[in-house]
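Enquirer: One structure follows; several queries about it will come next.
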Number of protein chains: 2
Amino acid sequence: MSTKALSIKDIAKKANVSITTVSFIINGKAVEKNISTAVIERVEKIIEEDGYKPNQVARSLRTGTSKIIGLIVEDISNPFFAGIARLIEDKAYKKGYKIIYSSTENQPGKTKELINLFKSRQVDAYIIAPAEGAESDIESLLQEKKPVVLFDRSLPSLDVNYVGIDNFDASYNALKQFALDKKKNIALITVDLDIEQINHRLDGYKQALVDFNIPFREDLVIKMPFNQSREDAVVQLIALFELHPELDAVLFATNYLAISGLMALKEMGKPINNEFSVIAYDDGDVFKLHTPQISAVEQPLDAISDHIINLIFQQISSKEPVAPQKVILSGKLILR
Amino acid sequence: MSTKALSIKDIAKKANVSITTVSFIINGKAVEKNISTAVIERVEKIIEEDGYKPNQVARSLRTGTSKIIGLIVEDISNPFFAGIARLIEDKAYKKGYKIIYSSTENQPGKTKELINLFKSRQVDAYIIAPAEGAESDIESLLQEKKPVVLFDRSLPSLDVNYVGIDNFDASYNALKQFALDKKKNIALITVDLDIEQINHRLDGYKQALVDFNIPFREDLVIKMPFNQSREDAVVQLIALFELHPELDAVLFATNYLAISGLMALKEMGKPINNEFSVIAYDDGDVFKLHTPQISAVEQPLDAISDHIINLIFQQISSKEPVAPQKVILSGKLILR
DNA sequence: CTGAAAGCGCTTACAG
DNA sequence: CTGAAAGCGCTTACAG
């Protein structure tokens with residue numbers, strides 16, 4: 001019924017105490033401030049009965065904190081980011097924090113815009129999968145001593161917390177498997193983004209070729225345009241597979257590229273078997289249910305989220321600056 | 001460098017005007033308030049150069065609005081909700097609004113908690129896929145004249161905006177297809193939630209059986225526990241399929257149940273073909289890439305998000321109360 | 001043991 | 001054409 005929310009003033013009046021007293025009680029400082037038990041009980045009863053909830057906005061303005069964590073990713077609907085978002089939300093919620101998110105679509109400038117927007121909302125901490133060219137924006141956050149954790153993509157030039165998998169290693173292991181299977185013509189289908197994670201996936205591929213004595217061929221590393229439509233990707237990949245009938249193995253550097261690739265193969269009627277194998281980054285139902293099942297590099301979502309949240313709260317709760325940590329987990333090669 | 005953000009006071013001082021003047025300029029009321037062009041230009045230059053951004057928290061406290069929309073869903077990592085979240089984010093962003101989200105996991109009480117939390121943050125509008133028993137919480141929002149749009153699941157007892165597909169119709173059409181294919185023993189695999197959307201999916205199934213002269217069998221409607229693990233679901237479904245070798249068609253009422261079902265079938269080595277067909281709710285890559293491809297009821301994510309956002313902004317921008325609308329779209333049966 | 005008052009950074013009715 | 005001042009709902013240093 002009440003169209004207007006209760007304020008601390010209303011509670012104070014009703015309880016016949018000052019708003020100071022109510023504030024101390026709300027914030028659990030009643031004992032420390034020697035408020036009498038009688039008063040505490042009276043006030044708490046009124047708060048309970050009237051369903052009073054402190055106005056967080058006023059609190060934010062006064063304290064400079066918001067209990068909100070900003071999450072900036074490339075695309076919240078990508079299963080990898082959506083999974084991380086879900087797990088982070090859960091863990092943050094348990095500590096009384098909420099998440100506000102935004103997708104950058106890798107648009108340059110969007111990261112800066114989002115950070116400014118979040119700043120003006122007094123966001124307490126930032127979890128960011130940085131787009132290309134986000135260094136300076138994140139640098140400014142660090143200078144202001146804001147808690148920041150990057151994930152998925154590191155920015156090597158910055159001394160900042162990071163959680164991710166060893167992409168070099170993951171690619172290397174995938175290639176090692178191909179080498180064991182006597183593959184000779186192994187393509188890497190990747191994306192034309194100059195971000196560390198993607199670069200490492202390429203580096204691991206190259207190093208493995210060297211170590212296993214497979215000649216590197218420039219024309220077997222395909223960098224697909226990032227903002228390409230699904231349809232265009234499928235067309236391009238069909239052309240690729242037709243152009244290179246000698247291919248006997250493919251590593252896809254992202255889950256959406258793998259999906260496009262599988263669609264291309266399905267359309268062509270080209271089977272996946274001992275003569276033609278594929279491995280995809282980021283495991284998912286689609287790979288488990290595919291016929292045949294698709295081998296994949298699984299990122300440990302739960303461990304990644306755990307580390308992110310722990311690093312965030314380490315920083316939030318400590319007065320002194322905490323030395324940034326780089327947490328590198330292992331991607332798990334799941335052979336099927 | 002500046003560890004402390006600029007305030008309107010700093011700008012006013014630097015420009016040698018009052019904060020009132022600066023505020024008018026920031027809020028585009030300069031002309032209306034007859035501020036001289038010289039002053040406007042001077043102030044705007046300083047704002048630009050110093051990169052001043054108004055503190056949104058202070059603004060919220062003063063105006064009672066936050067330019068934040070609250071999104072409450074069952075699970076943000078479910079592809080359906082993640083897709084909606086992405087599209088809504090985009091459309092809201094263009095109007096200067098941001099999204100704060102939370103997952104309820106269908107826990108009773110969680111909705112109330114989230115609404116209260118969002119209220120205390122002065123969220124301007126609510127987009128909710130309501131869990132069981134959320135009626136009274138949403139009712140309280142309506143009484144406070146907050147903009148609210150429900151989606152995915154309607155609450156028939158409330159006079160509130162809603163966007164969703166015609167689930168009765170979608171199930172009916174799926175069953176019609178099965179009838180055309182001369183199916184006789186058609187199971188519905190659904191979830192044990194008493195929410196409208198799920199009930200309608202069952203109702204459409206039943207009505208179609210009547211209309212197409214197929215006997216209804218209680219034992220072919222399987223209500224799986226909502227919070228069941230993937231593994232348990234697969235075990236239960238394998239048992240089901242073994243118990244009912246006479247089954248010749250299955251309609252899965254949610255995408256995750258369909259995925260569990262496909263895993264069960266794969267594990268059993270039971271093929272999907274003319275003798276045993278399936279249709280799934282909520283299309284996705286996993287169904288397109290499956291061998292054979294799986295027919296599905298596609299929800300038009302883009303149209304759903306468009307309607308949600310339009311309804312939200314209709315309410316936000318109008319002074320008078322707007323009559324609630326129920327937008328019922330069609331699910332599209334994609335036969336493969 | 002408790003309260004009056006300042007102040008967080010804005011917006012806006014009012015005054016001139 | 002522009003400014004001083006009140007007030008949004010809190011927290012907290014200070015006073016008694």
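Enquirer: Which number in (1) modelled with pLDDT of 95 or more; (2) within 11 Å of DNA strand D (Cβ to nearest atom) marks the one condition that A:G28 misses?
Expert: With (1) modelled with pLDDT of 95 or more; (2) within 11 Å of DNA strand D (Cβ to nearest atom) applied to A:G28, the lone miss is (1).
Enquirer: Looking only at region A:34-64, how many residues end up being more than 8 Å from DNA strand D (Cβ to nearest atom) and loosely packed, with under 14 Cβ neighbours inside 10 Å?
Expert: 11
Enquirer: Taking region B:101-136 only, how many residues are of a type outside the set (A, V, I, L, M) and under 10 Å from B:L71 (Cα atoms)? First the steps, then the outcome.
Expert: We begin by selecting, within region B:101-136, every residue of a type outside the set (A, V, I, L, M); these are B:101-113, B:116, B:118-122, B:124, B:126, B:130, B:132-133, B:135-136.
Filter once more, keeping what is under 10 Å from B:L71 (Cα atoms): B:101-103, B:118, B:126.
Qualifying residue count for the region: 5.
For every residue, the table says whether it meets (1) buried (at least 19 other Cβ atoms within 10 Å of the Cβ); (2) out of contact with any Cys (no Cβ under 7 Å at 6 or more places or on another chain); (3) within 10 Å of chain B (Cβ to nearest Cβ); (4) modelled with pLDDT under 95.
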| site | (1), (2), (3), (4) |
| --- | --- |
| A:L71 | yes, yes, yes, no |
| A:P79 | yes, yes, yes, yes |
| A:R86 | yes, yes, yes, no |
| A:K95 | no, yes, no, yes |
| A:N106 | yes, yes, no, yes |
| A:K119 | yes, yes, yes, yes |
| A:A125 | yes, yes, no, no |
| A:K145 | no, yes, yes, yes |
| A:A174 | yes, yes, no, no |
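Enquirer: Going by the conditions given, is B:T291 hydroxyl-bearing (S, T, Y), outside the structural domain of B:I84 (by TED's automatic domain parsing) and free of Cβ contacts under 8 Å to residues at least 12 places away in the same chain? Talk me through it step by step, then tell me what you get.
Expert: Details: hydroxyl-bearing (S, T, Y): yes; outside the structural domain of B:I84 (by TED's automatic domain parsing): yes; free of Cβ contacts under 8 Å to residues at least 12 places away in the same chain: yes.
Judged against the criteria, B:T291 is a match.
Enquirer: Report those strands (runs of 3 or more DSSP E) wholly inside region A:263-336 carrying at least 1 residues which are among the charged types (D, E, K, R). Break it down stepwise before answering.
Expert: On the way: elements: A:277-281, A:295-298, A:326-329, A:332-334.
Output list reads A:295-298, A:326-329, A:332-334.
Enquirer: Let me ask something else. With the checklist (1) in contact (Cβ under 8 Å) with a residue 40 or more places away in the chain; (2) closer than 28 Å to B:N27 by Cα; (3) among the aliphatic types (A, V, I, L, M) in hand, flag the one item B:V57 doesn't pass.
Expert: Failing condition for B:V57: (1).
Enquirer: Just wondering, is there one or more residues in region A:244-260 that are farther than 15 Å from A:I189 by Cβ, surrounded by fewer than 21 Cβ atoms within 10 Å (Cβ to Cβ) and within 13 Å of chain B (Cβ to nearest Cβ)?
Expert: Among the residues of region A:244-260, not one is farther than 15 Å from A:I189 by Cβ, surrounded by fewer than 21 Cβ atoms within 10 Å (Cβ to Cβ) and within 13 Å of chain B (Cβ to nearest Cβ), which makes the answer no.
Enquirer: If you take just the helices (runs of 4 or more DSSP H) that sit entirely in region B:112-229, which of them hold at least 1 residues that are closer than 28 Å to B:M263 by Cβ?
Expert: Details: elements: B:135-143, B:167-180, B:196-211.
The qualifying helices (runs of 4 or more DSSP H) are B:167-180, B:196-211.
Enquirer: Residue under question is B:L158, and the condition is that it be out of contact with any helix residue (DSSP H, G or I) (no Cβ under 7 Å at 6 or more places or on another chain) and surrounded by 18 or more Cβ atoms within 10 Å (Cβ to Cβ); does it hold?
Expert: No, not satisfied.
Enquirer: Another question, then. Filter region A:12-46 down to the residues that are under 28 Å from A:R121 (Cβ atoms), among the aliphatic types (A, V, I, L, M) and either assigned by TED's automatic domain parsing to the domain that holds A:R121 or out of contact with any helix residue (DSSP H, G or I) (no Cβ under 6 Å at 6 or more places or on another chain) (or both) and list them by number.
Expert: Correct list: A:I26 only.
Enquirer: Just for region B:7-25: of the residues that are within 11 Å of DNA strand D (Cβ to nearest atom) and hydrophobic (A, V, I, L, M, F, W, C), which one is nearest to the other protein chains (Cβ to nearest Cβ)? Walk me through how you get there before you give the answer.
Expert: At the first step, the residues of region B:7-25 found to be within 11 Å of DNA strand D (Cβ to nearest atom) are B:8-9, B:12-13, B:15-25.
Those still in the list that are hydrophobic (A, V, I, L, M, F, W, C) too: B:8, B:12, B:15, B:17, B:19, B:22, B:24-25.
Details: B:I8: 12, B:A12: 18, B:A15: 20, B:V17: 22, B:I19: 16, B:V22: 16, B:F24: 19, B:I25: 17 Å.
Going through the qualifying residues, I end up with B:I8.
Enquirer: Follow-up question, since we're still on this one. For region A:28-65, name all the residues that are assigned to a loop (DSSP other than H, G, I, E, B) and within 13 Å of DNA strand C (Cβ to nearest atom). Write out each step before concluding.
Expert: First pass over region A:28-65, keeping only residues assigned to a loop (DSSP other than H, G, I, E, B): A:28-36, A:51-55, A:64-65.
Correct list: A:K29, A:A30, A:V31, A:E32, A:K33, A:N34, A:I35, A:S36, A:P54, A:N55, A:G64, A:T65.
Enquirer: Kindly provide the set of residues from region A:1-27 that are assigned to a loop (DSSP other than H, G, I, E, B), within 13 Å of DNA strand C (Cβ to nearest atom) and buried (at least 17 other Cβ atoms within 10 Å of the Cβ), ordered by number.
Expert: Selection gives A:V17 alone.
Enquirer: Mind listing whichever residues of region B:302-313 are surrounded by fewer than 19 Cβ atoms within 10 Å (Cβ to Cβ) and either in contact with a Lys or Arg (Cβ under 7 Å, 6 or more places away or on another chain) or in contact (Cβ under 8 Å) with a residue 24 or more places away in the chain (or both)?
Expert: To start, the set of residues in region B:302-313 that are surrounded by fewer than 19 Cβ atoms within 10 Å (Cβ to Cβ) comprises B:302-303, B:306, B:310, B:313.
Correct list: B:D302, B:A303, B:D306, B:F313.
The values are calculated or read from the model by the stated rules, or taken from the named source; none is laboratory data. This is a predicted model, so every value here is computed, not measured. A quick note on method: Cβ atoms are made from the backbone with ideal geometry, for glycine too, and the neighbour counts reach across all protein chains shown.
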